[in-house]
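The values are calculated or read from the model by the stated rules, or taken from the named source; none is laboratory data. No experiment lies behind these values; they were computed from the predicted model shown. In this analysis, Cβ positions are derived from the backbone assuming ideal geometry, glycine residues included, and neighbour counts consider all displayed protein chains. The area values use the complete protein model at the heavy-atom level, side chains included, leaving out ligands, DNA and RNA. Shrake-Rupley method; radii C 1.70, N 1.55, O 1.52, S 1.80 Å.
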Amino acid sequence: MRQLCIATMFALGCLCTGQASAQSALMKQAQGLFKPIPTTAPALPGNAATPAKQELGKMLYFDTRLSESHALSCNSCHMIGMGGVDLQETSLGHRWQHGGRNAPTVYNAVFEVAQFWDGRAKDLEAQAGGPLVNPVEMDTTPEHVIEQLKGIPGYTAAFAKAFPGVADPLTFDNVRKAIAVFEATLITPNAAFDRYLKGSEEALDANQKAGLELFIGKGCVACHNGINVGGSMYAAFGVIERPGAEILPPDDKGRFAVTKTASDAYVFRAASLRNVALTPPYFHSGKVWDLRQAVAIMGNSQLGADLNDGEVDRITDFLGSLTGDQPQVMLPILPPSVATTPRPKP
Ligand code: HEM
Ligand code: HEM
């Protein structure tokens, strides 16, 4: 009997050690492919962060007076507290117009190789001017933004504090700089997957580990890797099999519009999968509401892999481990309009 017990203990011991080393191998592999989200905002080159600049950027992010109608702010389409998205297929912009693409999250956008689904803006600073002047988003002009902000007395002091020692700090460039500095604070560290990458075996459960193994083994990782589990490169949507027009509308050729290179037709930035469980609907078209379906589509379109239900479930479990601590943002008190402040345009 005693012998049996010892034999059983030995066998269990081997099993446990065996499991532990298999898990560690997976962890090591993951550590070579991905990186945890840092706990502090990264520095932006040529745009040093200060508390005053961050606060100004936050004010601008929430101020609807930056739009022509005074009805929309950055937060209308990238809602803090809701994954940094609007949960719409395509966003509702100026005069209830719908844009052509789904709004990606602003969370962790600072880590992307470039901004927008087609990477047409090189960084957050370059991006921030885009929605302000986009006719289906905020529909204003750089000149009007400045006229508007100069018409709100509190902003003069806020810009002077954020950009000290500058003769005329209230410029469109500085609007973009301040917004970018605020956006760089919108990061989501401490996801279960980050804790795993930092060495905690318990951070992922067995299903999530099985999903991670599939994510690596099936080849998702070829395009979704690095700090954002994506967002670092471009690829055709439909490397193996182009999805139907209901998911990949033929009139949006993605990066082709930026590079005018034939091989860039239907090429998009491989999406970041950070917080992906919080940000339906999926793809640049926003046509897919179920993350499991998005995973299955990717299997077919990018890898030619017909993932079975169990595999889709496990990969989806793993994607759930990418939800990090959401930014806690105290709403700014915006400087009041006065009698002479430019009014909303209908
Ligand atoms: C894309 C920030 C206003 C809808 C983006 C991205 C950022 C951003 C950083 C790129 C994210 C990425 O590529 O991962 C801002 C800021 C805004 C603003 C700072 C205010 C100045 C808006 C508004 C709307 C909107 C008001 C909706 C009416 C979109 C859409 C995209 C996008 C549809 C994707 C467009 C494309 O890829 O062609 N925004 N956004 N944004 N935003 Fe905004
Ligand atoms: C988008 C997962 C493989 C390139 C996405 C999205 C998910 C996903 C969930 C939508 C994200 C969102 O809209 O927020 C996966 C999984 C894969 C896989 C689970 C493995 C089964 C790949 C591979 C490539 C790739 C191998 C590159 C060859 C892309 C691109 C997009 C994307 C370009 C953006 C598509 C668009 O909307 O235009 N992926 N992916 N993916 N993925 Fe993958």
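Against the list (1) farther than 30 Å from Gln302 by Cβ; (2) modelled with pLDDT of 95 or more; (3) surrounded by 15 or more Cβ atoms within 10 Å (Cβ to Cβ), the condition Phe215 fails is (1). Every condition in (1) over 27 Å from His78 (Cβ atoms); (2) surrounded by fewer than 21 Cβ atoms within 10 Å (Cβ to Cβ); (3) more than 10 Å from ligand 2 (Cβ to nearest atom) is met by Arg314 except one, and the failing one is (2).
Among residues belonging to region 58-91 that are in a helix (DSSP H, G or I) and among the hydrophobic types (A, V, I, L, M, F, W, C), point out the one that is nearest to ligand 2 (Cβ to nearest atom). Taking the candidates together, the pick is Cys77. Taken together, Ala52, Ala41, Ala30 contain a single residue that is open to solvent by less than 40 Å² (accessible area, probe 1.4 Å) and under 30 Å from Phe318 (Cα atoms), which is Ala30.
Where helices (runs of 4 or more DSSP H) fall wholly inside region 92-201, the ranges with 3 or more residues that are under 24 Å from His70 (Cβ atoms), open to solvent by less than 10 Å² (accessible area, probe 1.4 Å) and modelled with pLDDT under 95 are 124-133.
A search for C-beta distances below 6 Å between a residue of region 231-253 that is over 13 Å from Phe283 (Cβ atoms) and open to solvent by less than 30 Å² (accessible area, probe 1.4 Å) and any residue that is more than 9 Å from ligand 2 (Cβ to nearest atom) and acidic (Asp, Glu), counting only pairs 6+ apart in sequence or on different chains, returns Gly231/Glu112.
Would you mind listing the helices (runs of 4 or more DSSP H) fully within region 205-304 where at least 3 residues are within 10 Å of ligand 2 (Cβ to nearest atom)?
Numbers: elements: 206-218, 256-259, 291-298.
Filter on region 205-304 gives 206-218, 291-298.
Among the numbered conditions (1) away from ligand 1 (no atom under 16 Å from the Cβ); (2) of a type in the set (Ser, Thr, Tyr); (3) under 19 Å from the mean Cα position of the chain (by Cα), the only one that Thr185 does not meet is (1). Among the residues of region 259-271, are any charged (D, E, K, R), surrounded by 22 or more Cβ atoms within 10 Å (Cβ to Cβ) and at pLDDT 95 or above? The answer is yes, given that some residue of region 259-271 is charged (D, E, K, R), surrounded by 22 or more Cβ atoms within 10 Å (Cβ to Cβ) and at pLDDT 95 or above.
Within region 125-175, the set of residues being among the hydrophobic types (A, V, I, L, M, F, W, C) and within 13 Å of ligand 1 (Cβ to nearest atom) comprises Ala126, Ala128, Leu132, Val133, Val136, Met138, Val145, Leu149, Phe172, Val175.
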